[in-house]
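First up is the structure itself, then whatever we jot down about it.
Read-outs throughout are calculated quantities, based only on the coordinates presented, and are distinct from any laboratory measurement. Remember, it's a predicted structure, so these values are computed and weren't measured experimentally. Positions of Cβ are generated from backbone atoms using ideal geometry, with glycine treated the same way; all protein chains shown enter the neighbour counts.
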Amino acid sequence: MSRVALVTGGSRGIGEAISKALKDAGYTVAATYAGNDEAAAKFTDETGIKTYKWNVADYDESKAGIEKVEAEVGPIDIVVANAGITRDAPFHKMTPEQWHQVIDTNLTGVFNTVHPVWPGMRERKFGRVIVISSINGQKGQFAQVNYAATKAGDLGIVKSLAQEGARAGITANAICPGYIGTDMVMAVPEKVRESIIAQIPAGRLGEPEEIARCVVFLASDDSGFINGSTISANGAQFFV
Ligand code: CAA
């Protein structure tokens with residue numbers, strides 16, 4: 001029986017590439033999405049990967065969704081907390097609503113995704129928790145006080161989970177993608193995006209598949225001693 005992987009936000013962007021790469025690597029994959037039914041249906045048609053709709057910001061929805069996935073697909077061995085949103089604004093213009101939306105989805109959403117699968121991983125003495133953070137959690141970013149706070153928070157989550165899970169055969173690691181060619185980055189005004197690309201020594205945006213390959217490695221048995229770490233994949237834009 002192949003291991004089961006859950007990818008939140010797994011039908012679009014970086015998450016789509018992760019879902020496909022895990023499937024290609026032999027895992028049984030379930031992908032969640034928040035709202036875009038059409039994109040999710042197309043994704044399932046093309047890949048055969050089952051999709052489930054819930055809001056990661058809501059604990060009860062997440063728990064119920066995860067129970068459904070486990071009943072239909074099997075116990076979750078690998079969880080990839082990838083779902084995330086931006087609500088960019090300079091701090092003096094950022095509204096409490098923009099702050100809370102991003103915190104609820106990107107940070108509390110990680111808690112809501114990992115917490116329900118954690119007891120099963122502990123019982124089965126195996127688990128892989130992979131959180132998709134961001135270069136902007138490492139360096140901060142103009143107009144992203146909310147987003148950078150959540151992505152820095154992700155690093156605290158995995159470093160703590162790593163210590164709690166180590167003896168139970170569970171690893172927890174983060175990946176910090178730099179600027180990747182997805183809808184999220186394409187939504188940045190073109191002039192701003194051009195100036196960002198000019199700051200990337202590689203001279204280009206990253207590709208979602210370049211992040212997906214990191215996930216496949218962290219999901220594997222071979223990565224068992226890598227725990228609490230952060231992989232930066234940013235074209236040399238920033239070093240920790
Ligand atoms: N550094 C310094 N100053 C900056 C700046 C920067 N990076 N970006 C904008 N500014 C300045 C502008 O030049 C402007 O200055 P003036 O007032 O002197 O002209 C001011 O800040 C912006 O004022 P505006 O009133 O124009 O700002 P706005 O309310 O219209 O907001 C914005 C514009 C939301 C900041 C927009 O520029 C934007 O989206 N910027 C991109 C932010 C970004 O990089 N987000 C990352 C998204 S991708 C992602 O998050 C994925 C990942 O993990 C990497």
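Could the peptides 126-134, 60-68 be put in order, highest first, of the mean number of other beta-carbon atoms found within 10 Å of their residues?
So the peptides 126-134, 60-68, ranked by packing, come out 126-134, 60-68.
Give the share of C-alpha pairs in each 10 angstrom bin for segment 88-133, from 0 to the last occupied bin, in whole percents, shortest bins first.
Going from the shortest bin to the longest, the percentages are 23, 36, 23, 13, 5.
Can you check what the net charge comes to around Asp77, using other residues whose Cβ is under 10 Å from the Cβ of Asp77 (Lys, Arg +1; Asp, Glu -1)?
So the environment of Asp77 carries a net charge of +3.
Describe numerically, in nm with one decimal, the distance between label points set 7 Å from Cα along Cα→Cβ at Glu164 and at Met1.
2.5
I need to check one value: relative contact order of segment 1-57, counting alpha carbon pairs closer than 8 Å and at least 6 residues apart, in percent.
35
Which lysines have a Cα less than 22 Å from the Cα of Lys151, not counting those fewer than 8 places away in the same chain?
Lys93, Lys139, Lys159
Cα axis of helix 13-24 to longest principal axis of the chain: angle in degrees, 0 to 90, nearest 10?
In the chain, helix 13-24 runs at an angle near 30 degrees to the longest axis.
So for segment 92-205, what percent of the C-alpha to C-alpha distances run longer than 16 Å?
For segment 92-205, the share of Cα pairs beyond 16 Å comes to 65 percent.
May I ask you to sort Cys176, Cys214 by Cβ crowding, counting other Cβ atoms within 10 Å and putting the fewest first?
Least crowded to most crowded, the residues run Cys214, Cys176.
For the chain, report the convex hull volume of the alpha-carbon atoms normalised per residue, in Å³, without decimals.
That works out to 121 Å³ per residue.
Straight-line reach only, C-alpha to C-alpha below 13 angstrom: list the aspartates and glutamates that Lys20 could link to, leaving out same-chain residues fewer than 8 apart.
Asp45, Glu46, Glu209, Glu210
Among the chymotrypsin sites (Phe, Trp or Tyr not before Pro) in segment 167-240, which ones are in a DSSP loop with at most 16 other Cβ atoms within 10 Å of the Cβ? Mind listing them?
Phe225, Phe238, Phe239
Go ahead and run the numbers for FRET between Lys191 and Asp58, Cβ-Cβ distance against an R0 of 45 Å, rounding to 0.05.
0.80
Take the Cα coordinates of segment 61-148, assign each an equal point scatterer, and use the Debye formula without solvent to give log10 I(q)/I(0) at q = 0.11, 0.15, 0.23 Å⁻¹.
Each listed q corresponds, in turn, to -0.39, -0.64, -1.06.
In degrees, nearest 10, range 0 to 90: what is the angle between the Cα axis of helix 59-72 and the longest Cα principal axis of the chain?
The answer is roughly 50 degrees.
With the contact rule set at Cα under 8 Å and sequence spacing of 6 or more, what percent relative contact order holds for the chain?
20
What is the angle, in °, between the Cα long axis of helix 37-47 and the longest principal axis of the Cα atoms in the chain? Nearest 10 is fine, range 0 to 90.
60
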